[in-house]
Amino acid sequence: MSAKIVLLWATLFGLLLGLIASPSSAQNFPTYHQLGLAKATLYRPTSGTPHIAIVVIHRTANVLNAPFCTELSDRGFVLLCMNTRFDNNEAQVIFEQMALDVKAGINFLKQNQSGLTPGITKVILLGYSGGGPTMSFYQAVAEAGVGFCQNPQKLTKCDSSGPNSLVGLPPADGIVFGDAHPGNPVIGMLRSNNPAVHNENHPENLQPRLNPYDPANGYNPNGLSTYSDAFKKRYFEAQSDRLNKLIAEAQDIQFHIEQGAYPYPDDAPFVIGRSTASKLFVLDTSILHSTVKPAKLLKNDGSIDNCCIVESVRLPDPTIKQTDETFDGGARLLTVKSFLSTNAIRSTNSIDGIDYCSSNNSTVCNVRQISAPVVFIAMGAYYFIRDTEIHYENVKSLDKDFVVVAGLVHSLTPCNACPGGPYDNSLKNFYDYIRDWINKPGRF
């Protein structure tokens, strides 16, 4: 190696050491932390010593470098962005166990275990998308105790002893729900399964009267589909029927496992074809299209309109037909345990006949136990507006807020092609609203 190259590497290494040694520079970079079976990155603002920290967590998604982490640390908060023990592993998720990961994050922040979080007195949970049911479940058990998650009504129950015990969870001080969905059993299975499947071993064979992709039923491959009220009712009830049958099948397998009468002593594979993509409201945007009461709309210019019913401006997506047909995108590869814990819920109608408290993975049921301050923020170009309103209506807390951000889709990008666009300020408005809600004098 030439002397010039050695000198260059020595210079670069010296600069790197200088950055690491400089506290003001180090704050610009996240630090990695292993928290039991979970992993996390810690983001700190570039100045000041905040007393409020925010925990971000999903169910399976990798959020170690999610936009929340930098956007909210830039707005003056400490951020702990966490991956659960089941990151990128939907097939193995035992929903109740993720509360232990949230607990580890709260303890890490409040106990200053790293020496990097001095002065933290308040911890806020941020439940975005699938983080909504995760965070709401944690807080519900923390406030109400394990009796809540061991109710006989539940398809699966939490542990009150042993290494996975949820006894004594420290409650968070508040929760931000960002386009939180009602729970994977509702949105990922109940409302997504194709009920035209009448033989689980041959999901390619569909009943014509329930096929959402048959133009005779209202499907439009080139744009907005329009289904009759009779078809919608038939479809939503059939979605419930299919899921209820799958639950019965899984419980029968579980019974035989427990009796030692199954090939495996612990668990079993559970594959469900055409189960993730057939959301009728993605094809027909007249379904779940708005709030039912006047609500706050955070407009693109930053002003808030509080006068009216808020309508989703989302666009239809007829291409989900192709996804529904595939194994990679349209099927679920689960186990019996992960299906019952994370993807199953009882119902009679997939839209308005849901037994929300039959699952622990249920934002609606969980928020009924939550007294801490909460804010529910829905994306105005997506389909969780009505669900978010239902969460707001059900929460126990007296300090609660609900707002729809105009023009944002679920991926936190503006839908400038949607009606009413462009929405070029909507993302900034979203993060600023979170900052201002948390910083309201007297709240935290």
*Taking the Cα atoms of the range 339-423, what is the range of coordinates along each of the three principal axes, in descending order and whole Å?*
41, 31, 20
*So for the chain, taking the charge dipole from beta-carbon charges (+1 Lys/Arg, -1 Asp/Glu), which of Y392, L412, L72 sits furthest toward the positive end?*
L72
*Taking the Cα centre of the chain as the origin and placing charges on Cβ (Lys, Arg +1; Asp, Glu -1), which of H181, S225, I377 is farthest toward the positive end of the dipole?*
I377
*Taking 1 over the mean of 1/r across every pair of different Cα atoms in the range 197-299, what Kirkwood radius in Å do you get?*
16.6
_Between helix 426-438 and the chain, what is the angle of the helix's C-alpha long axis to the longest principal axis, kept within 0 to 90° and rounded to the nearest 10?_
70
*Which one of T285, S275, V367 has its Cα pushed farthest toward the positive end of the charge dipole of the chain, where Lys and Arg give +1 and Asp and Glu give -1 at the Cβ?*
V367
*Where Lys and Arg each count +1 and Asp and Glu each count -1, what net charge lies around T31 among other residues with Cβ under 14 Å from its Cβ?*
+2
*asked:* Of the candidates D229, D173, D101, which one comes out as most mobile in a Gaussian network treatment of the chain with C-alpha springs shorter than 10 Å?
replied: D229
*Which values of log₁₀ I(q)/I(0), to two decimal places, follow from the Debye formula for the range 44-188 at q = 0.10, 0.11, 0.15, 0.16 Å⁻¹ with a uniform point scatterer at every Cα?*
-0.33, -0.40, -0.74, -0.83
_Could you sort the peptides 251-260, 89-98 by per-residue average Cβ neighbour count (10 Å cutoff), highest mean leading?_
89-98, 251-260
*What is the magnitude of the charge dipole of the range 346-444 about its Cα centre, with +1 placed on the Cβ of each Lys and Arg, -1 on the Cβ of each Asp and Glu, and no other charges, expressed in debye to the nearest 20?*
240
*Local charge sum around I120 (other residues, Cβ-Cβ under 11 Å, Lys/Arg +1, Asp/Glu -1)?*
+2
*Please state the charge dipole magnitude for the chain, taken about the Cα centre, from unit charges on C-beta atoms (+1 on K and R, -1 on D and E), reported in debye and rounded to the nearest 20.*
780
*asked:* Probe radius 1.4 Å, ligands and nucleic acids ignored: give me the carbon and sulfur share of the accessible area of the range 306-444 as a rounded percent.
replied: 53
*Quote the charge dipole size of the range 299-398 about the Cα centre in Debye, to the nearest 20; the model charges only the Cβ of Lys and Arg (+1) and of Asp and Glu (-1).*
400
*For the Cα atoms of the chain, what angle does the longest principal axis make with the long axis of helix 229-258, in degrees from 0 to 90, nearest 10?*
70
*Over all alpha-carbon pairs in the chain, figure out the percentage whose distance exceeds 33 Å.*
39
*With respect to the cross-link table entries K245/K293; K157/K245; K103/K396; K296/K440; K233/K321; K157/K396, which display a Cα-Cα separation exceeding 26 Å?*
K245/K293
*Mind listing P(r) for the range 262-303? All alpha-carbon pairs, 10 Å bins, whole percents.*
19, 21, 23, 16, 14, 6, 0
*asked:* Beyond 24 Å, how much of the Cα-Cα pair distribution for the range 289-444 remains, as a whole percent?
replied: 46
_If you split all Cα-Cα distances of the range 250-374 into 5 Å bins from zero, what percentages do you get per bin, shortest first?_
2, 9, 10, 13, 16, 17, 12, 9, 5, 3, 2, 1, 0
*Determine the per residue accessible area of the chain with all protein chains present and a 1.4 angstrom probe, expressed in square angstrom.*
42
_Ranking by accessible area, most exposed first, for L100, L333 with a 1.4 Å probe_ = L333, L100
*If packing is taken as the mean number of other Cβ atoms within 10 Å per residue, what is the order of 316-324, 220-228, 52-60, 179-187, highest first?*
179-187, 52-60, 316-324, 220-228
*Quick one: net charge around V78, please, counting Lys, Arg +1 and Asp, Glu -1 for every other residue with C-beta under 15 Å from its C-beta.*
+2
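The values are calculated or read from the model by the stated rules, or taken from the named source; none is laboratory data. Not measured: the values here are computed from a predicted model. Cβ: placed from backbone, ideal geometry, glycine included. Neighbour counts: every protein chain shown. Remember, those area values only see protein heavy atoms, side chains included, never the ligands or the DNA or RNA. Shrake-Rupley method; radii C 1.70, N 1.55, O 1.52, S 1.80 Å.
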